[in-house]
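Participant: Quick one: the structure is below, and I'll ask about it shortly.
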Amino acid sequence: MACATDIFDFHADAGVKEVKSWFKSKGVRDLEPVSLFSDSLAKSTVKEIEQAADDINKNRSKAGIKKAIVKNIPRHAVLKPSHAIYQLQNQRFALGDRVTMVQDSGGVPLSAKGVVVGLNTKSMDVVWDVPFMSGTTLGDK
């Protein structure tokens, strides 16, 4: 850990106070702390994705949804939502990937589609196409 005397040759306390006031004047204290191991899209890109999702939802009609009956599909080819947590543990995602929620537990509705906008070490941020009650604003990204 560096000490103030390592950075400032003399008057270390005054130098630290000056740096703190400079940070405050530039608004650096208002920045969101982010892990070194996280990656995310720019705020403007996330806004564009949200706008595109809103446009899609405005033009969507219930009459356009058709029921489909799928026959002759083997049982092992169909993913059961309760098995998703075990079957899909090794998936890797990248920013901008299109994803579908296949897990039947949690706050996101089953089969909701979205776009990956942030990756952390153990989680990821997704902008979903449809709003739902337990959704968040991702810290106003």
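Participant: Return one whole number: the accessible area per residue of the range 24-118 in Å², for a 1.4 Å probe.
Facilitator: On the way: 8120 Å² over 95 residues.
For the range 24-118, the per-residue accessible area is 86 Å².
Participant: Placing +1 on the Cβ of each Lys and Arg and -1 on the Cβ of each Asp and Glu in the chain, which of 61, 101, 83 has its Cα farthest towards the positive end of the resulting dipole?
Facilitator: Going by the Cα projections, it comes out as 61.
Participant: On a 0 to 90° scale, report how tilted helix 43-59 is relative to the longest principal axis of the chain, with both axes built from alpha carbons and the result rounded to the nearest 10.
Facilitator: That helix lies at roughly 20 degrees to the long axis.
Participant: Rounded to two decimals, what is Rg over Rh for the chain when you use alpha-carbon atoms and the Kirkwood radius? Can you show the working numbers first?
Facilitator: Numbers: Rg = 23.1 Å, Rh = 19.5 Å.
So for the chain, dividing Rg by the Kirkwood Rh gives 1.18.
Participant: Can you give the relative contact order of the chain as a percent, counting alpha carbon pairs under 8 Å and 6+ residues apart?
Facilitator: 23
Participant: Right, next: How large is the helix-only mean residue ellipticity at 222 nm for the chain, computed as the sum of -39500 (n - 2.57) over DSSP H runs with n ≥ 4, divided by its residue count, in deg cm²/dmol to the nearest 500? Mind showing how you got there, number by number?
Facilitator: Numbers: 4 runs with 40 residues, N = 141.
Calculated at 222 nm, the ellipticity per residue is -8500 deg cm²/dmol.
The values are calculated or read from the model by the stated rules, or taken from the named source; none is laboratory data. Quick caveat, the model's predicted, so the values are computed rather than measured. For neighbour counting, all protein chains shown are included, and Cβ atoms are generated from backbone atoms with ideal geometry for every residue, glycine included. Heads up: the accessible areas ignore ligands, DNA and RNA and are worked out on the full protein's heavy atoms, side chains in. Shrake-Rupley method; radii C 1.70, N 1.55, O 1.52, S 1.80 Å.
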